[in-house]
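Student: To start, I am sharing the structure in question, which I have written as structure tokens.
The values are calculated or read from the model by the stated rules, or taken from the named source; none is laboratory data. All values derive from a computational prediction rather than experimental measurement. Neighbour counts run over all protein chains shown; Cβ positions are idealised from the backbone, glycine included.
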Amino acid sequence: MIKMVGKNSTKLKNMKGITLLSLGIAAIFATAITSCNNQTSNNTMEVKKGITKAAFGNADGKEVFLYTLTNAKGTQVKISTYGGVVTSWVSADKNDKKSSIVLGFDSLSGYLAKPPYFGAIIGRYGNRIAKGKFKIDTTTYTLATNNGLNHLHGGNKGFDKVIWDATTENDSVPALKLSYLSKDGEEGYPGNLTVDVLYTLTDDDELKIEYNASTDKPTVINLTNHSYFNLTGDVTNTILNHQLQIDADNYTPVDTTLIPTGEISPVKNTPFDFTSATKIGLRIDSVKGGYDHNFVLNKKDSSLTKVATLTEETTGRKLEVFTMEPGLQFYSGNFLNGTIKTSDGKAINLHTGLCLETQHFPDSPNQPKFPSTLLVPGQKYHTVTVYKLSVNK
Ligand code: GLA
């Protein structure tokens, strides 16, 4: 309650008050408008210890948010509710220089321009399903064909292009839980699929991604994350000097449309032999189009196991991949061609990012010899992948 003192002074004060109030309201509106337009808004608020939330623009008539997880070392991972995209992962290199080890954009507009799955959650099915068709029992399902004759990464509007609901947690380390209901028939897939993805950033610089899902009709599922890593932290460098080791004695050869032939072939004496650390650029020219292959991991069960290590000498960075999945798609950024630019205008050229997509094998629904991707009602889909970053000084 405002205390009144004398008539005239009260009037004056009220007028001043009104003016101030209107100015205040105008300022609030102006900020709101700028923050809607300016997708790298500065209206950041802390929601939990180590977690901030900021407006990131609008898509599909909904607000999109950008969450930042910060750990005790000061490493920061930013995740958008649009596509569940990891937009940046900033950490210090061996010279204490901070940069992001993933390709991404500062604003939502970069993502709305449909870059090839940058940092996104991929679903319902990571990688290709031949001719967009598969059968469960006697029913044939037809999916969107968005990659020549084939279905890729969930279709025209996969999980990389939907808006996820978000909740945050901080038991001891910051975490972001994203949830999405994929309705029966979405992109041609059967069953209402309830999905959640929990991103956790530990103090050991591990980005843990935990995927959970359930369905009310038999369906197929293969979730992954499509981050493009470049450990130099500088998109003007290619990833060809990175060293990669993958614990896989076999891989799944593909036909000209990148659908597995069904064979499981040894990597020995081929350019696919990454059983010991090897420079990516060493043999890439002998692989037509570059690496875009599923490696059959040597691990024998679905326990969380270390399956790959990526290192980069100039920054001393090392990225280790742990997964419960049986396969790993190593994609060497073969379709990047400079047409897409970073938020600060740098061209994203060929081989300037690489993906290590933990997954079930491509086209499994049509390949009886591959591990099954069927999910039935009552069954819980649960899989975990961890990307662990460290620096050799
Ligand atoms: C995956 C696929 C590639 C390509 C990229 C995105 O890695 O296997 O063929 O589609 O995604 O461009």
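Student: Looking only at the range 348-365, how many residues end up being in contact with a Pro (Cβ under 9 Å, 6 or more places away or on another chain) and away from the ligand (no atom under 13 Å from the Cβ)?
Tutor: The qualifying residues number 2.
Conditions tested, residue by residue: (1) outside the structural domain of L258 (by TED's automatic domain parsing); (2) within 19 Å of I239 (Cα to Cα); (3) among the small types (G, A, S).
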{"position": "L319", "(1), (2), (3)": "no, yes, no"}
{"position": "E325", "(1), (2), (3)": "no, no, no"}
{"position": "F330", "(1), (2), (3)": "no, yes, no"}
{"position": "G345", "(1), (2), (3)": "no, no, yes"}
{"position": "N349", "(1), (2), (3)": "no, yes, no"}
{"position": "C355", "(1), (2), (3)": "no, yes, no"}
{"position": "H360", "(1), (2), (3)": "no, no, no"}
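Student: If the Cβ limit is 6 Å and pairs must be 6+ apart or interchain, which residue in the range 151-162 that is in a helix (DSSP H, G or I) pairs with which residue that is not β-branched (V, I, T)?
Tutor: Pairs that qualify, where the first residue is in a helix (DSSP H, G or I) and the partner is not β-branched (V, I, T), are F159/G123; D160/G83; D160/Y117; D160/A120; K161/G83.
Student: Suppose we filter the range 157-178 for residues that are of a type outside the set (D, E, K, R) and more than 14 Å from A120 (Cα to Cα); how many remain? It would help to see each step written out before you state the result.
Tutor: Of all residues in the range 157-178, those of a type outside the set (D, E, K, R) come to 158-159, 162-164, 166-168, 170, 172-176, 178.
Keeping just the survivors that are more than 14 Å from A120 (Cα to Cα) gives 166-168, 170, 172-176.
Count: 9.
Student: I would also like to ask the following. Mind checking whether some residue in the range 334-346 is touching a residue at least 60 places away in the same chain (Cβ under 8 Å), basic (K, R) and more than 14 Å from the ligand (Cβ to nearest atom)?
Tutor: There is at least one residue in the range 334-346 that is touching a residue at least 60 places away in the same chain (Cβ under 8 Å), basic (K, R) and more than 14 Å from the ligand (Cβ to nearest atom).
Student: Kindly establish whether S179 is part of a strand (DSSP E or B) and within 24 Å of D60 (Cα to Cα).
Tutor: Details: part of a strand (DSSP E or B): yes; within 24 Å of D60 (Cα to Cα): yes.
Considered against the rule, which asks whether it is part of a strand (DSSP E or B) and within 24 Å of D60 (Cα to Cα), S179 comes out as yes.
Student: Oh, and also: Looking at (1) outside any strand (DSSP E or B); (2) among the polar types (S, T, N, Q); (3) surrounded by fewer than 17 Cβ atoms within 10 Å (Cβ to Cβ), find the lone condition where T145 falls short.
Tutor: Among (1) outside any strand (DSSP E or B); (2) among the polar types (S, T, N, Q); (3) surrounded by fewer than 17 Cβ atoms within 10 Å (Cβ to Cβ), T145 violates only (3).
Student: Exactly one condition in (1) touching a residue at least 60 places away in the same chain (Cβ under 8 Å); (2) in contact with an Asp or Glu (Cβ under 9 Å, 6 or more places away or on another chain) is not met by K208; state its number.
Tutor: If we test K208 against (1) touching a residue at least 60 places away in the same chain (Cβ under 8 Å); (2) in contact with an Asp or Glu (Cβ under 9 Å, 6 or more places away or on another chain), just (2) comes out false.
Student: Here is a further query. Which residue, of P368, P377, P362, is in a loop (DSSP other than H, G, I, E, B) and without any contact (Cβ under 8 Å) to a residue 12 or more places away in the chain?
Tutor: Details: P377 fails: without any contact (Cβ under 8 Å) to a residue 12 or more places away in the chain; P362 fails: without any contact (Cβ under 8 Å) to a residue 12 or more places away in the chain.
From the options P368, P377, P362, the qualifying one is P368.
Results for (1) assigned to a strand (DSSP E or B); (2) surrounded by fewer than 24 Cβ atoms within 10 Å (Cβ to Cβ); (3) outside the structural domain of Q329 (by TED's automatic domain parsing), shown as yes or no for each residue.
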{"site": "L66", "(1), (2), (3)": "yes, no, no"}
{"site": "K73", "(1), (2), (3)": "no, yes, no"}
{"site": "V90", "(1), (2), (3)": "yes, yes, no"}
{"site": "D106", "(1), (2), (3)": "no, yes, no"}
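Student: Only residues that are within 16 Å of the ligand (Cβ to nearest atom) and outside any loop (DSSP other than H, G, I, E, B): list them for the range 230-258, please.
Tutor: Selection gives L244, I246, Y251, T252, V254.
Student: Can you find a residue in the range 130-139 that is within 16 Å of the ligand (Cβ to nearest atom), in contact (Cβ under 8 Å) with a residue 24 or more places away in the chain and not in a strand (DSSP E or B)?
Tutor: yes
Student: For the range 62-80, check the following and say yes or no: at least one residue is of a type in the set (G, A, S), within 20 Å of S107 (Cα to Cα) and at pLDDT 95 or above.
Tutor: Going residue by residue through the range 62-80, those that are of a type in the set (G, A, S) are 72, 74, 80.
With within 20 Å of S107 (Cα to Cα) added as a condition, the list becomes 80.
Those still in the list that are at pLDDT 95 or above too: 80.
For the range 62-80, residues of a type in the set (G, A, S), within 20 Å of S107 (Cα to Cα) and at pLDDT 95 or above: present.
Student: Tell me whether the range 96-111 contains one or more residues that are more than 16 Å from the ligand (Cβ to nearest atom) and at positive phi.
Tutor: Taking every residue of the range 96-111 in turn, at least one turns out to be more than 16 Å from the ligand (Cβ to nearest atom) and at positive phi.
Student: OK, next. Which members of the range 256-275 meet the condition of being surrounded by 12 or more Cβ atoms within 10 Å (Cβ to Cβ) and not hydroxyl-bearing (S, T, Y)? Quick ask: steps written out before the conclusion?
Tutor: The initial filter retains those residues of the range 256-275 that are surrounded by 12 or more Cβ atoms within 10 Å (Cβ to Cβ), namely 257-262, 264-267, 270-275.
Those that are surrounded by 12 or more Cβ atoms within 10 Å (Cβ to Cβ) and not hydroxyl-bearing (S, T, Y): L258, I259, P260, G262, I264, P266, V267, P271, F272, D273, F274.
Student: Let me ask another. Got a number for residues in the range 276-302 being surrounded by 12 or more Cβ atoms within 10 Å (Cβ to Cβ), away from the ligand (no atom under 16 Å from the Cβ) and under 21 Å from D363 (Cα atoms)?
Tutor: Here the count works out to 4.
Student: Those residues that are on the phi < 0 side of the Ramachandran plot and within 12 Å of the ligand (Cβ to nearest atom), I need them from the range 112-121; list them, please. Spell out the reasoning first.
Tutor: We begin by selecting, within the range 112-121, every residue on the phi < 0 side of the Ramachandran plot; these are 112-113, 115-116, 118, 120-121.
If the condition is that a residue be on the phi < 0 side of the Ramachandran plot and within 12 Å of the ligand (Cβ to nearest atom), then P115, P116, F118, A120 are the ones that fit.
Student: If a residue must be within 21 Å of the chain's Cα centre (by Cα) and crowded, with 17+ Cβ neighbours inside 10 Å, how many such residues does the range 148-167 contain?
Tutor: Summing the residues that are within 21 Å of the chain's Cα centre (by Cα) and crowded, with 17+ Cβ neighbours inside 10 Å in the range 148-167 gives 13.
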